Every structure is written in C-alpha cells, then in structure tokens.
1. Just to verify a number: FRET efficiency for E209 and E239, C-beta to C-beta distance, R0 = 30 Å, to 0.05?
2. Nearest 10 degrees is fine. How inclined is helix 192-209 to the longest principal axis of the chain, computing both from alpha carbons?
3. Which parts of segment 114-153 would a label at Q186 reach, counting a residue when its backbone N lies under 13 Å from a point 7 Å out along Cα-to-Cβ?
4. Report ³J(HN,Hα) in whole Hz for each residue of segment 156-167, in order, from the Karplus equation J = 6.51 cos²θ - 1.76 cosθ + 1.60 where θ = phi - 60°; Gly and Pro get x.
5. Answer rounded, prolate or oblate for segment 19-58, using the Cα gyration tensor with square roots of eigenvalues a ≥ b ≥ c: rounded when a/c is under 1.5, else prolate when a/b is larger than b/c, else oblate.
6. May I ask for the distance between the Cα centers of segment 30-55 and segment 1-28, given as a whole number of Å?
7. Only Cα pairs under 8 Å and at least 6 apart count here; give the relative contact order of the chain as a rounded whole percent.
8. Which cross-chain or sequence-distant (5 or more) residues have an amide H under 5 Å from the amide H of A189, H modelled 1.01 Å from N in plane?
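Where a number appears in this text, it was derived from the coordinates with a stated rule and is not lab data. These numbers were taken from a predicted model, which means no experiment stands behind them. Don't worry about glycine lacking a Cβ; one is built from the backbone with ideal geometry, like all the others, and counts go over all protein chains shown.
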Amino acid sequence: MDQNVALYLYCLRLGDNSLILGHRLSEWCGHGPFLEEDIAMTNISLDLVGQSRMLLQYAAELSGNGTTENTLAYLRDERDFLNALLSEQPNGDFAVTNTKNYLFSVYNYHLYAELSNSKDEKLKAIAEKSIKEVAYHVRHCGKWMLRLGKGTEESHKRLQEAVNDIWMFTEDLFESDESTASLIEQGIAANPETVRHNWLSDVTDQLKEATIEIPTNTWMMKGSLQGKHSEHLGYLLAEMQTIPRTFPNSEW
C-alpha cells in the first residue's frame, strides 16, 4: 500500500477516536454531577476535539483531493469511520463515563508517547502537543477511579459494573492491519503491542488500588478498522452531522 494512503488511514483512525469520544463527552455539558466537574469534562472534550482537528487536517492534506477536516468529520457515513468501539459507547452514568475516559486516556497517553518519536515530523509534533493534555486527562480520570472504587458501597458497585461492561471493547483499541504494519516498520506509527503492554500495566495497577477486579474470560469485540461498529455510532453521527448536512457549505 502507498505510504500516503497508509498514513492517511492512520491519521483518520486517530482523529476519529478523539472526535467521537470528544462528542460523547460533550453530551455531559450542563449535566455534570457538580459545576467543577461539569467544566472539567467540557475542557477534556474540547481537548479531544482539538486533537481530532489536527489529525483530520493532516489526513485531509494527505488525501490531496480537496477534502477538509470538516468534510471528514461531517460528510462521511458510519462505515467510513475508523474510531475504536470504546469511544462510541453511550455515556451511561458517571462511573461509566469516567471509566471509558480513563481507559481511553491511558491508551492515548502511551500512544502519543510512542508517536513522539515518530519519523513523520507532523505526526510527531501533534503527539508532542497532545500528550501534555492527555497527561491531565489520565490524572483527572484516574483520581475519580480511586474515589469511586474506594468510596461508598454504591460507588464501588457502579464502578465495578462499569468496568465489567466496558472491558469487552478495550481489545479493539490495539487492532492493527497491513497499512499500520507498514508504518510501524518505517518508524512512523506506534507499535500497538508496546502501547498495549504499557496500557495494561498502568490500568492493572490503578484498578487494583481502586479495589476493582479486571474481568476475565470476557468476549472481546473488534472490527472498527473494517468500519464495523456498534449500533450507537449511527445515532451519534445523526446528531453530530445534522446541521452540516442540512445546510451544506454554510459559514458562521
């Protein structure tokens, strides 16, 4: 596969991850458990959308056919999105949202740590900027994992249930394909096995401290790299893309 095509798909995957999770988190705006946390979640959402913009802008440049970050975000259909299954899952209660954000943030941190050494200068620059934001996401969500896990009987129960329900989507984060493998060989993309090892080490330690058990013998869902998604993505895109599709080429 042509290197530009492979890099385009890689940037699309990473950009879609942040875009979809950022949109999910924005759904909490005005509904947080208290004002400070409402603002914190909104800021994390904005960080994710900002990271997505950089990645989708780069993908648009690589496509070379007049595509823009906006057309990639708002004019693609469900099967054209490559975001990981974890990012599109519904918010649920606060324990579900925080668990999802924590697991994804730790993944993002180790991903960008690897990409900070990428031989592609633009991807390296995006990673170096993004990892500073993601480090805060990890700290913030990690503290909530401890508060919920070691808090009341109810908060512990809800957090354990959240981990049990979400864990099945984590393996999909580390899926790779032929195009990604070629970028890894060239020192451009992050090795998913390295990211997985570091992610699992951090997550295991954090969940142990929070007195939460990692599910075992769980059937793991995959397929996002082939455009196979859960039923939730279609509803999310219908909401996110309504205005751009209804009023194409409009400017504000």
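1. On the way: r = 37 Å, r/R0 = 1.22.
That pair, E209 with E239, gives E of 0.25.
2. Rounded to the nearest ten degrees, it is 20.
3. Taking a point 7 Å out along Cα→Cβ of Q186, the residues of segment 114-153 whose backbone N falls under 13 Å are 119-123.
4. So the J values, rounded to whole Hz, are 5, 4, 5, 5, 4, 5, 5, 4, 4, 6, 8, 3.
5. Details: a/c = 4.92, a/b = 2.57, b/c = 1.91.
It is prolate, given that a/c is not under 1.5 and a/b is the larger ratio.
6. Rounded to whole Å, the Cα centres lie 17 Å apart.
7. Details: 345 pairs, mean separation 62.8, N = 252.
Over the chain, the number comes to 25 percent.
8. Under 5 Å from the amide H of A189: I184.
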